[in-house]
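Each remark here refers to the structure printed beneath this line.
Read-outs throughout are calculated quantities, based only on the coordinates presented, and are distinct from any laboratory measurement. The structure presented is a predicted model; accordingly, all values stated were derived computationally and were not measured. Every residue, glycine among them, receives a Cβ derived from its backbone with ideal geometry; neighbour counts consider all protein chains shown.
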């Protein structure tokens, strides 16, 4: 029953692992949608035929079911492999809480935080650590994809400092957001004023609304927000359409609310370059 599965972060180059990972997040999906996910989200150039072959292999292994509406994970297979899932769950629960930069020793590190604000502060510290150690020859591109760039509202000075320091190092920063509210557009104007390439690519996909990823040299930092948090942020951005009357206390309450959030940090230069290539292609 064992399958060489990828952690749900898309690190492996194996097409079957990527398909499995995608279907655990969103299903049912047709082959063309799976192909687009792999190309856009993981920066992997793959043919439709390769995705079809890998998907049918998963079907033959009883891992994936093929329904009229598309492909999906076989729940019976999940039940039969419950022992494997239980062991994985226990391993994940041994993550580091309240980490520091020295915790990132391996290619993949997973951290747990007690609130979204704690997670974002650590994320910003990782960026600071990167540009302080930046040296000639390092990648001069930084990409960030988010549903809403809310941190610019609560940490305005910090964002200006970070982006300013990156610019001094000659790093060009790109931000791609799925949010298309009036507030998202006001935030876009702010970042453009400080020299950041910022593009809105409206999306209603549950994956796009929950997935946040940034590249910093050979580091990839990513997190997937829980659906409850996604809904809270979406509602806040829809309600607050004016910077003048912005209710920051409500946003502060949302991001400081106690809840478990995970961050994955991957040290992989090739993968970071692939993500950059994928995101930058949408700015052309």
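A few remarks follow.
- Just so you know, the Cα atoms of segment 243-284 work out to an Rg and Dmax of 17.4, 44 Å.
- Rounded to the nearest angstrom and listed largest first, the equivalent-ellipsoid semi-axes of segment 96-283 from its Cα gyration tensor are 24, 20, 16.
- Only helical runs count toward this figure. For the chain, summing -39,500 (n - 2.57) over DSSP H runs of n ≥ 4 and dividing by all residues gives -14500 deg cm²/dmol at 222 nm.
- At an R0 of 45 angstrom, the distance between the Cβ atoms of residue 268 and residue 66 translates into a FRET efficiency of 0.90.
- Cα pair distances exceeding 16 angstrom across segment 100-176, given as percent: 57
- On full extension, the segment bounded by residue 258 and residue 282 gains 5.1 nm, given 0.36 nm per residue less the C-alpha separation.
- Theoretical gain in end-to-end length, residue 14 to residue 169 [0.36 nm per residue, Cα-Cα removed]: 52.3 nm
- Remark: spin-label model distance residue 135-residue 115 equals 3.8 nm, labels positioned 7 Å along the Cα→Cβ axis.
- Placing a pseudo-label 7 Å from each Cα along the Cα-to-Cβ vector at residue 205 and residue 73 gives an inter-label distance of 1.8 nm.
- Between helix 269-280 and the chain: long-axis angle, C-alpha atoms, 0 to 90°, nearest 10: 70
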